[in-house]
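K.L.:
One structure, pasted below without further comment.
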Amino acid sequence: MKRTLYQILGVEADATAEAIAGAYRGKLEALQAAPGSDAAALTLLREAYQVLSNAPQRAAYDASLTAPVPSGVARRGRAVPVDDEESGAGWMKWAIGGGIVLIALGLWWWKARPAPKPTVQGPPRVVITQPAAPQSAEPAAPAPQIAIMNAAPESAAPAPAPATRSAEDVFAQVSMSVARVNALDGSGRTTMVGSGVVVERGAVITNCHVVSRASAVQVKLGSNLHSGSVEVADEELDLCRLSVPGLDVPAVQVGAVGALRTGQRVYAIGAPQGLDLTISEGIVSSLREVPGGTVIQTTAPVSRGSSGGGLFDASGRLVGIVTFQHRYGQNLNFALPADRIGEMRARRASTGSTASSGEVGGSAGVASAQRAASDSPAVLIVGTWQCFGSVSGRSGTYTYGPDGTVTLVTNDGLRGGGRYGVAGRSVRYSMSNGSFTYAIEHLDGSRMVLNIGVAGQRLACERR
């Protein structure tokens with residue numbers, strides 16, 4: 001009797017994603033714990049989970065179970081005995097042959113069909129394009145070209161949106177590949193806890209500042225503790241690759257920072273404060289260019305222990321490794337793009353790199369990029385400030401949001417709001433009473449002085 005994928009995992013055909021993930025973990029641990037593990041059974045188990053944990057693949061599989069088929073083929077996740085294997089094989093050959101004939105007829109019709117007559121739908125729009133300059137020396141300035149382009153018909157179907165999943169689906173897909181990483185001293189005592197992500201069989205990526213001073217390393221997935229060792233330490237990127245013999249769980253799919261957009265939903269999964277498999281939700285609040293590349297700024301909450309954990313997009317792809325956070329602001333968290341995993345090589349941190357005590361992480365050469373991101377005026381200004389006018393004597397509370405909004409509440413009860421932007425060493429405000437710009441004379445984590453530019457007036461502020 002041929003078993004369905006649901007029967008291999010031991011779940012019903014209408015099982016939830018969480019139930020499927022739990023069943024897979026249980027059977028995987030049981031198979032791995034059994035003496036002389038059955039490699040074929042492990043392979044079947046993984047294939048069943050990979051199909052049923054992926055919503056589109058599961059839907060296609062369910063459709064194949066419910067399609068009209070001869071007696072002996074599984075329906076709705078339940079296996080039906082096969083009485084005559086030869087007759088089943090014959091039916092399959094007829095089905096395949098018929099499919100090939102239909103495909104051939106379709107290709108013939110496509111090539112033989114008459115070419116469609118050109119039509120103009122909607123009013124034309126004029127696009128002026130400037131041709132590329134010729135390569136000859138001192139070319140004459142070419143005249144612009146005018147191209148007539150037909151407007152798209154109103155009934156045109158929109159491009160399909162990329163498949164996205166709920167937080168529950170993303171967690172069920174990737175949680176079994178996110179680990180807690182324990183750094184141990186010589187006596188076996190845990191001195192630091194971080195997170196890690198399985199990127200290959202037997203290989204886990206974490207931050208070097210989690211394990212760089214450890215005498216031994218433990219990797220915990222589910223209820224299993226594995227011994228690990230640092231295989232590649234790229235302190236310049238603050239990424240370490242751990243070798244974990246015997247670790248046999250699916251690797252995550254690695255995405256690219258180039259596909260991320262500000263405002264896109266992301267999920268951080270790790271072990272903040274040692275709490276295994278904690279998921280938090282946020283957005284990509286910025287993609288910041290710093291010395292050495294790009295860092296991902298996100299509002300997904302993280303804490304100490306999140307270092308080395310995964311930042312995943314709504315399709316379950318690993319897009320970043322959580323690395324540090326701003327010490328003063330709220331939800332100013334940063335991840336190193338997952339693309340950098342492919343750039344890893346053994347190297348020490350740059351001379352003079354230091355950690356910042358208020359960050360999730362921060363040792364290693366990436367600290368220079370961290371400081372460039374977290375100490376920039378655009379980041380430092382975020383938060384709430386109590387300000388006092390040196391000439392006017394009026395005081396109030398300014399709250400700068402990471403989304404560019406600013407609110408003001410004066411001590412005599414007046415309220416206002418608008419937007420702000422930081423450019424270099426100045427802040428430009430667009431308020432209900434007009435637009436104006438203040439120069440930044442001083443700005444650090446606790447104190448800010450703005451020059452109003454009128455008769456030497458200044459706004460002196462302290463962080464609340």
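The values are calculated or read from the model by the stated rules, or taken from the named source; none is laboratory data. Everything numeric here is computed off the predicted structure, so don't read it as measured data. Glycine also receives a Cβ, built like all others from the backbone with ideal geometry; neighbour counts cover every protein chain displayed. Accessible surface is based on the protein model in full, side chains and every heavy atom, while ligands, DNA and RNA are left aside. Shrake-Rupley method; radii C 1.70, N 1.55, O 1.52, S 1.80 Å.
K.L.:
When you go through Thr410, Thr399 one by one, which is the residue that is farther than 15 Å from Val379 by Cβ, open to solvent by 30 Å² or more (accessible area, probe 1.4 Å) and touching a strand residue (DSSP E or B) at 6+ places or on another chain (Cβ under 8 Å)?
P.N.:
The conditions single out Thr399.
K.L.:
Here's something else I'd like to know. Go through the range 165-185 and give me each residue that's in a loop (DSSP other than H, G, I, E, B) and either buried (at least 23 other Cβ atoms within 10 Å of the Cβ) or in contact (Cβ under 8 Å) with a residue 12 or more places away in the chain (or both).
P.N.:
Within the range 165-185, Arg165, Asp185 qualify.
K.L.:
Right, here's the next one. If you check every pair at least six apart or on different chains, which have Cβ atoms under 6 Å apart with a residue in the range 415-426 that is of a type in the set (Phe, Trp, Tyr) first and a residue that is open to solvent by less than 30 Å² (accessible area, probe 1.4 Å) and in a strand (DSSP E or B) second?
P.N.:
That search, which allows pairs on different chains as well, returns Tyr420/Val406; Tyr420/Val427; Tyr420/Tyr429.
K.L.:
State which residue is modelled with the highest pLDDT when the search covers only the range 243-260 and only residues that are within 16 Å of Ser229 (Cα to Cα) and open to solvent by 50 Å² or more (accessible area, probe 1.4 Å).
P.N.:
Selected residue: Pro245.
K.L.:
Given the structure, is Gly320 touching a strand residue (DSSP E or B) at 6+ places or on another chain (Cβ under 8 Å), of a type outside the set (A, V, I, L, M, F, W, C), modelled with pLDDT of 95 or more and not in a loop (DSSP other than H, G, I, E, B)?
P.N.:
For Gly320, the condition - touching a strand residue (DSSP E or B) at 6+ places or on another chain (Cβ under 8 Å), of a type outside the set (A, V, I, L, M, F, W, C), modelled with pLDDT of 95 or more and not in a loop (DSSP other than H, G, I, E, B) - is met.
K.L.:
Would the range 430-446 turn up any residue that is open to solvent by less than 50 Å² (accessible area, probe 1.4 Å), touching a helix residue (DSSP H, G or I) at 6+ places or on another chain (Cβ under 9 Å) and part of a loop (DSSP other than H, G, I, E, B)?
P.N.:
yes
K.L.:
Turning to a different aspect of this structure: Consider the range 195-232. How many of its residues are under 20 Å from the mean Cα position of the chain (by Cα) and open to solvent by 30 Å² or more (accessible area, probe 1.4 Å)?
P.N.:
Here the count works out to 1.
K.L.:
Give the range 289-305 a look and list any residue that's aliphatic (A, V, I, L, M) and surrounded by fewer than 24 Cβ atoms within 10 Å (Cβ to Cβ), or say none.
P.N.:
Val290
K.L.:
Something else now. So, of the residues in the range 20-56 that are free of Cβ contacts under 8 Å to residues at least 24 places away in the same chain, surrounded by 15 or more Cβ atoms within 10 Å (Cβ to Cβ) and not basic (Lys, Arg), which turns out to be nearest to Arg165 (Cα to Cα)?
P.N.:
Gly22
K.L.:
A follow-up question, please. So which residues in the range 191-206 are modelled with pLDDT of 95 or more and either touching an Asp or Glu at 6+ places or on another chain (Cβ under 7 Å) or over 18 Å from Ile269 (Cα atoms) (or both)?
P.N.:
Across the range 191-206, there are no qualifying residues.
K.L.:
Name, by its number, the condition in (1) in contact with an Asp or Glu (Cβ under 7 Å, 6 or more places away or on another chain); (2) part of a strand (DSSP E or B); (3) of a type outside the set (Gly, Ala, Ser) that does not hold for Arg345.
P.N.:
With (1) in contact with an Asp or Glu (Cβ under 7 Å, 6 or more places away or on another chain); (2) part of a strand (DSSP E or B); (3) of a type outside the set (Gly, Ala, Ser) applied to Arg345, the lone miss is (2).
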